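Accompanying notes for the structure given below.
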Amino acid sequence: MGANMSDQKSKAAVELQSFKDAELWKGGFLDCDPINPLMWSSYTTNGFVSIYHAIYWAAIKPYMPQAARVLEIGPGHGAWTRALIHGGAAKVIGLDVQAREFNGIDMWLGEDASKLDYYVVEDMTCSMVEDDSIDFFWSGGAFVHMSKYIISEYVASMHKKMRQGAHGFIQYADIDVYNNIVTNKACMIHSVISEVMGPPEGPRLKEAMSQNEHIRSRDVVPEEMRNWEDVSPGRYFFVGQRFMAECLSAAGFEVVDPFFMPSLRDPIIHFRKI
Ligand SMILES: C[S@@+](CC[C@H](N)C(=O)[O-])C[C@H]1O[C@@H](n2cnc3c(N)ncnc32)[C@H](O)[C@@H]1O
């Protein structure tokens with residue numbers, strides 16, 4: 001292994017361990033239930049269909065074969081896991097840095113929990129998954145929190161685990177895409193209200209609203225967030241569209257669409273094992 005490669009591997013190991021130690025999102029992260037057509041989420045409302053539900057219909061329903069064996073990275077509380085099962089998966093293999101109990105995923109899945117094989121990861125090899133056994137790959141809301149070191153290792157492993165022709169989708173972060181949507185006037189809820197109210201109520205109200213977990217801040221991400229060296233657990237890594245496409249292509253995938261579907265804050269890349 002070259003010096004550069006082993007440096008990348010040790011960076012990935014440090015990052016993975018710091019994520020575990022931080023014990024983020026106890027009880028399991030859950031923003032929205034993708035099966036529920038109109039549930040509110042941090043992506044705000046989308047007229048008569050929630051963004052999670054739209055993604056479920058556009059990505060999972062058409063591209064996941066019936067009775068599929070699915071690999072999911074970062075299931076958290078299981079929002080997408082349940083949607084995958086609801087969409088017809090026979091088995092979901094979920095890999096997360098935190099334990100099944102920590103994420104409360106069985107509670108969320110109920111009877112469907114029998115269709116989930118869950119593993120706590122110690123590295124990015126996906127060694128618990130048989131080679132060429134996966135019909136569909138899914139990861140929503142997890143790769144946005146991983147640096148390029150972790151992502152590259154996962155992508156190389158996923159390629160071994162997926163069957164030829166299998167489709168996959170990864171939600172990732174891109175700073176330009178993110179800032180483009182949050183600077184859209186329609187998204188600037190806090191600033192508009194604080195401007196309309198004026199001081200002192202406006203700034204106070206803005207502060208109070210930013211404490212409310214249902215009304216998220218829509219601040220522009222500062223340029224320094226392009227830096228990948230700070231591995232604070234839970235931060236967004238804006239690895240960007242080009243990196244994701246190059247990384248998947250280098251591993252041997254065909255990139256079907258680097259900007260799939262209307263997730264205008266955190267894009268989704270669609271790929272296929274050829
Ligand atoms: C923001 S939550 C998203 C949960 C779920 N996918 C959803 O969309 O509701 C991110 C999840 O990814 C997990 N995670 C973070 N880094 C990971 C890694 N390197 N490998 C596997 N899971 C990871 C976290 O523990 C957490 O459960």
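Of the numbered conditions (1) under 20 Å from residue 171 (Cα atoms); (2) among the aliphatic types (A, V, I, L, M); (3) modelled with pLDDT of 95 or more, residue 120 fails exactly one; give the number of that condition.
(1)
Please go through segment 197-246 and pick out each residue that is at pLDDT 85 or above and among the small types (Gly, Ala, Ser).
Answer for segment 197-246, where residues must be at pLDDT 85 or above and among the small types (Gly, Ala, Ser): 198, 232, 234, 240, 245.
Looking at (1) away from the ligand (no atom under 12 Å from the Cβ); (2) in a helix (DSSP H, G or I), which is the only condition residue 15 fails?
(1)
Looking only at segment 62-83, decide whether some residue is away from the ligand (no atom under 13 Å from the Cβ), of a type in the set (A, V, I, L, M) and either outside the structural domain of residue 265 (by TED's automatic domain parsing) or in a helix (DSSP H, G or I) (or both).
Within segment 62-83, not a single residue is away from the ligand (no atom under 13 Å from the Cβ), of a type in the set (A, V, I, L, M) and either outside the structural domain of residue 265 (by TED's automatic domain parsing) or in a helix (DSSP H, G or I) (or both).
For residue 59, are the conditions met, namely being more than 12 Å from the ligand (Cβ to nearest atom), within 16 Å of residue 141 (Cβ to Cβ) and out of contact with any helix residue (DSSP H, G or I) (no Cβ under 9 Å at 6 or more places or on another chain)?
It is true that residue 59 is more than 12 Å from the ligand (Cβ to nearest atom), within 16 Å of residue 141 (Cβ to Cβ) and out of contact with any helix residue (DSSP H, G or I) (no Cβ under 9 Å at 6 or more places or on another chain).
I'd like the full set of residues that are surrounded by fewer than 23 Cβ atoms within 10 Å (Cβ to Cβ) and either in contact with a Phe, Trp or Tyr (Cβ under 6 Å, 6 or more places away or on another chain) or not acidic (Asp, Glu) (or both), limited to segment 127-141.
Correct list: 127, 128, 129, 133, 141.
How many residues does segment 247-274 hold that are in a strand (DSSP E or B), modelled with pLDDT of 95 or more and not charged (D, E, K, R)?
7
Does any residue of segment 109-125 turn out to be at positive phi, more than 9 Å from the ligand (Cβ to nearest atom), more than 16 Å from the chain's Cα centre (by Cα) and not hydroxyl-bearing (Ser, Thr, Tyr)?
Going residue by residue through segment 109-125, those that are at positive phi are 110.
Applying the additional criterion that residues be more than 9 Å from the ligand (Cβ to nearest atom) yields 110.
When the remaining residues are screened for being more than 16 Å from the chain's Cα centre (by Cα), the result is 110.
So of that shortlist, the ones also not hydroxyl-bearing (Ser, Thr, Tyr) come out as 110.
Within segment 109-125 (the criterion being at positive phi, more than 9 Å from the ligand (Cβ to nearest atom), more than 16 Å from the chain's Cα centre (by Cα) and not hydroxyl-bearing (Ser, Thr, Tyr)), the answer is yes, since at least one residue qualifies.
Assuming residue 51 fulfils every condition listed in (1) away from the ligand (no atom under 13 Å from the Cβ); (2) modelled with pLDDT under 95 apart from one, which condition is it?
Here residue 51 meets the rest and fails (1).
Just checking, how many residues over segment 88-108 are buried (at least 22 other Cβ atoms within 10 Å of the Cβ) and either more than 13 Å from the ligand (Cβ to nearest atom) or modelled with pLDDT under 95 (or both)?
Count: 1.
Given 112, 33, which one is in a helix (DSSP H, G or I) and not polar (S, T, N, Q)?
Values: 33 fails: in a helix (DSSP H, G or I).
Result of the check over 112, 33: 112.
The values are calculated or read from the model by the stated rules, or taken from the named source; none is laboratory data. Keep in mind that this is a model prediction, so the values were computed, not measured. FYI the Cβ positions are ideal-geometry reconstructions off the backbone, even for glycines, and counts take in every protein chain you see.
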